[in-house]
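One structure below.
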Amino acid sequence: MTSEVKQALGYDVLGALQYDNGIFYIDYASVVQHFRSIYINWNPELFRHRCVFHLSCPLVRLWLRRVWCVKKQSQEDKPHHGSRHLARNPQYHLVVHTTERPKDYLWILLSRHTVDGGYMGNDYTTVHLYKDENNGKRVISLSDRIHEGSYTSNPHYLVRLDLDRTTCASPKYLLAVDQLEWTSTLNYTLSIFCTAPFEMNEIPRYFAYQVVRDGEWTPHTAAGSWRGADDSSGPPFSANPHFRLRFRSSSPSTAQRPILLLETREALYVGLRVASDLNGGRIKAVKKTMQGSGAYRPGYAYIELNDILPDVLYSVAVSTFDP
């Protein structure tokens, strides 16, 4: 250390030799050589509003699901990466209250609990952030994120937001915690720091009632997507696997609409169709009155059912894009 640096830092060499206060100086090249990461503290007075949640997401709750497949001699049990969705992931609803300041700051820190120093091969975690446009309802798709989290093996992941109060006085967000490979139970701490008052609550992860059914597409039942009545190049759409669905209670509230979720092992492009006017019969024609899962997507498809009527027999068709 040069005399100029010592003077600039107020470093007393003789005093340091007589009293060890834990402070030392090291050149940058040595830092790169000997340290994997650096953690820097900030002034806690910057964020007068904060909360900390110590949470756990058991592995069994995330993978307690059945998946559809195309019948073949060999098949992997592990879902394809393209089938990622957030239907069962931990999610949180965050509301930042109004202040008179033109700008506020929000930091979201995910800290993964570890026992081996934090760097484990497959434990890549992140936080995805959405604007809440549905009154705190759970999100399923990974699309439409305002912050697309980067999966990292670092035990800490930080999201920093600058809140412009001139465009939105009281912003609302949805936070989704995700892990690239769910190989074990995820224990973590979620810390929220903000310069404005806020509220955060966990979104219920499960519905009161759940029904799971296994299935497969065979050469006789993999009829593919709707191709039109004049297309006779393959099996008709009605040959696709169908289910009958009946609700015993009245129409649920807007915040608790039933969800149909189709999942596959392979990265097949799949879709769902629901009809309420066939008395449980097979869907032979696609009508505007039907509910659908939209464009075929790899690995999964879902429908949030609207206007559910009790004791009506619904027809549900599951299909791949290609026969």
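The values are calculated or read from the model by the stated rules, or taken from the named source; none is laboratory data. Just so it is clear, the structure is predicted and the values come from calculations on it, not from any experiment. Keep in mind that these areas ignore ligands, DNA and RNA; they rest on the heavy atoms of the full protein, side chains included. Shrake-Rupley method; radii C 1.70, N 1.55, O 1.52, S 1.80 Å.
The table for this structure:
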item	result
Under the Karplus curve 6.51 cos²θ - 1.76 cosθ + 1.60, θ = phi - 60°, whole-Hz ³J(HN,Hα) for region 208-220, x wherever Gly or Pro sits	5, 10, 9, 10, 10, 10, 7, x, 7, 9, 10, x, 8
Accessible area expressed per residue, region 261-323, with surrounding protein chains retained (probe 1.4 Å, Å²)	48 Å²
Per-residue ³J(HN,Hα) for region 95-110, Karplus 6.51 cos²θ - 1.76 cosθ + 1.60, θ = phi - 60°, Hz, x for Gly and Pro	10, 9, 6, 6, 10, 8, 7, x, 8, 10, 10, 10, 10, 10, 10, 9
For residue 304, solvent-accessible area (1.4 Å; no DNA, RNA or ligand), Å²	60 Å²
Residues whose placed amide H lies under 5 Å from that of residue 319, excluding near-sequence neighbours	271
Interchain or long-range residues, amide H under 5 Å from residue 266's placed H	70
For region 117-189: relative contact order, % (alpha-carbon pairs under 8 angstrom, 6 or more apart)	50 percent
Accessible surface of region 169-238 [probe 1.4 Å, protein heavy atoms]: carbon and sulfur percent	52 percent
5 Å binning of all Cα-Cα separations within region 98-197, expressed as whole percents from 0 upward	2, 11, 22, 20, 19, 13, 7, 4, 2, 0
